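> The structure's right below; bear with me while I get my questions together.
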Amino acid sequence: MEEAGHKAEEALKGLMPVYGERWRDEWLPEVQSHHNKWNAFDLADASDFELIDHLDWTLETFRRFWDIHFQLMVPALVGPSMLLDLYNDLIEDAGPMDAYKLTQGFDNTSLRAGEDLWKLSQVATASEEVRNILENTGTDQVMAALEGSEEGRHFVAEIDKYAQMWGLRSDTVIEIADPSWVEDSTIVINYLKAYLAGDAADPRERWNEIVAERERLVAEAQSRISTYPEPVKQQFNGMLHAGQDGHRLQEDHNWWIDQQGNHQVRQVYLEFGNRLASTGAIPTRDDVFMLTGDEIMETAKSGFRGDFQAVIAERTAEMEKWEKIPAAPRIGTDYGPPPDNPVTRALGRFFGWGPVAARDDSSDMLQGTPGSTGKVTGTARVIIKLSDAGRLKNGDILVTATISPPWTPLFATAAGIVTDTGGALSHCAIVAREYAIPAAVGTMRATQLIKDGDQIEVDGDAGTVRIL
């Protein structure tokens, strides 16, 4: 492991100064060209042979996406982590979050998706009729209610426009069985309900303040190291650039690879599901996700004939059984801490690695990892799925297991964030800092111990949550 760590460190030295440019000039154009090919392929009109061939290309392309993903994300995580180490070495009284403030305030896809959703909520606010429907109609009935009037139909077109732009993703990012937003408008509707209930402020105004703070702090840091030798100052500026690219590209790569990539793979498998359902091989289109890849390919090559009714029922029951059983926090043998090198330190700060906290279910205090500075007291809103996003009101503290980029719009109404998982380089912590709201991440048991409606205090600097 130590030998591998030294090899990785040497490779990173060459990649760190250029990975941002490689994403912009090489990897992103390649990813976009593959999306264009997916979007141009007519799934419904393809012959069985063409569809099978397209699936082969899809899986090969998806593997290529993840090759790019890890070539990019190792330096994108290590960059901010090494900036933290260097900053703490150079600045005597550095706080735990100070270095990360130098990387905030850069435009990215997660922030733009949230801003566009806020703009959509303002379109709703401008129409008394539309706002009334959104506020007083059940989520599942909103679209039908909107179709009943000219103003409503105009707003439906605006929802569709948003979904086509930002809806090529699901709630979890990693599960192709989950419908994309463009297939199911209820997620967008729930977000709009939350924005209207809280009268959410323009996120761009807060973001502009974050940008100004970053520029001030960067200037202060460069002033404080001005007496250091020139090579040290050059190293600091290089790591600053790498750290800033890392925070920005963690969001952008996720949109282009994790989110849209999953959406594209899902659409291909859904067409296989359509054809399997049409022959009676499976009960419904979405049951295709209860089959293995080999089962799907074999039955496709035989005209989509087969009978998977029993195996789907068995696997569905198995999924439902394990969904109700809490996962163990750790499995396997504990071999002690990993070797100390830039990669393992960065991964630890992303995932929130550390010693397992002793359980004390009677305590009113949870210890996590500092994610975003500040302290806030408010009502805990425990939300596990985005379908419940409408329950989050302005000033509530969002408590959840983990947060991925599709959850970002909730940061516009939340007063603070608490998660079971993650570290200071996790998506949750990065975006909480962009929205300037306190966050304690990696508490491990927040969703188990905090009840919906509890009054809690979140200290983002200490990474603690107190149940009041």
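The values are calculated or read from the model by the stated rules, or taken from the named source; none is laboratory data. Everything quoted here is computed from the prediction, not taken from an experiment. Quick reminder, even Gly has a Cβ in these numbers, built from the backbone with ideal geometry, and neighbours come from all protein chains shown. Note: areas computed on protein heavy atoms with side chains; ligands, DNA, RNA excluded. Shrake-Rupley method; radii C 1.70, N 1.55, O 1.52, S 1.80 Å.
> State the percentage of accessible surface on region 140-246 attributable to carbon and sulfur atoms; use a 1.4 Å probe and exclude ligands, DNA and RNA.
Of all accessible area on region 140-246, carbon and sulfur atoms account for 50 percent.
> Please label the shape of region 6-72 as rounded, prolate or oblate, based on the square roots a ≥ b ≥ c of the eigenvalues of the alpha-carbon gyration tensor (a/c under 1.5 means rounded; beyond that, a/b larger than b/c means prolate, else oblate).
Oblate shape, in that a/c is at least 1.5 and b/c is the bigger or equal ratio.
> I've got another one for you. Return the ratio Rg/(2.2 N^0.38 Å) for region 1-146, where Rg is computed over Cα atoms only.
It is 1.59.
> Can you send over the carbon and sulfur percentage of the accessible area for region 1-46, probe radius 1.4 Å, protein chains only?
54
> What residues have an amide H closer than 5 Å to that of Leu102, excluding those fewer than 5 places away on the same chain, when H is modeled at 1.01 Å from N in the peptide plane?
Result for Leu102 returns nothing.
> If you average the C-alpha positions of region 382-458 and of region 127-203 separately, how far apart do those two centres end up, in angstrom?
21
> What spacing in nm lies between the two simple spin-label points modelled at Asp85 and Tyr228, each 7 Å away from Cα in the Cβ direction?
Label at Asp85, label at Tyr228, 1.4 nm between them.
> Between Thr316 and Ala219, 0.36 nm times their residue separation minus their Cα-Cα distance comes to what?
Fully extending the segment from Thr316 to Ala219 adds 29.2 nm.
> Relative to the compact-globule scaling 2.2 N^0.38 Å, provide the ratio for the alpha-carbon radius of gyration of region 112-253.
Against the empirical 2.2 N^0.38 Å value, I get 1.47 for region 112-253.
> Apply the Karplus parameterisation 6.51 cos²θ - 1.76 cosθ + 1.60, with θ equal to phi minus 60°, to every residue of region 51-66 and state each ³J(HN,Hα) to the nearest whole Hz, in sequence, with x for glycine and proline.
With coefficients 6.51, -1.76 and 1.60, one gets 5, 4, 4, 5, 5, 4, 5, 4, 5, 5, 5, 5, 4, 5, 3, 7 Hz.
> OK, next. Mind listing the phi-derived Karplus ³J(HN,Hα) values for region 121-127, rounded to whole Hz, using 6.51, -1.76 and 1.60 with θ = phi - 60°, and x for any glycine or proline?
Result, rounded to whole Hz: 5, 6, 5, 5, 4, 5, 10.
> Could you give me D for region 222-271, from Stokes-Einstein at 20 °C and 1.002 mPa s, where the hydrodynamic radius is the Kirkwood radius over C-alpha pairs? Units µm² s⁻¹, please.
156
> Amide H of Gly416 versus every other amide H placed in the peptide plane: which residues, excluding those fewer than 5 positions away on the same chain, fall under 5 Å?
Leu398
> Now for a different question. About its Cα centre, how strong a charge dipole does the chain have in debye, to the nearest 20, once Lys and Arg get +1 and Asp and Glu get -1 at the Cβ?
The calculated dipole for the chain is roughly 700 debye.
> Within the accessible area of region 307-447, what % is carbon and sulfur when the probe is 1.4 Å and the other protein chains stay in place?
Carbon and sulfur together cover 58 percent of it.
> Over all directions, how big on average is the projection of the convex hull of the alpha-carbon atoms in region 301-396, in square nanometres?
Averaged projected hull area, Cα only: 13.3 nm².
> I would also like to ask the following. Given a 1.4 Å probe, how much area per residue of the chain is accessible, in Å²?
The answer is 47 Å² per residue.
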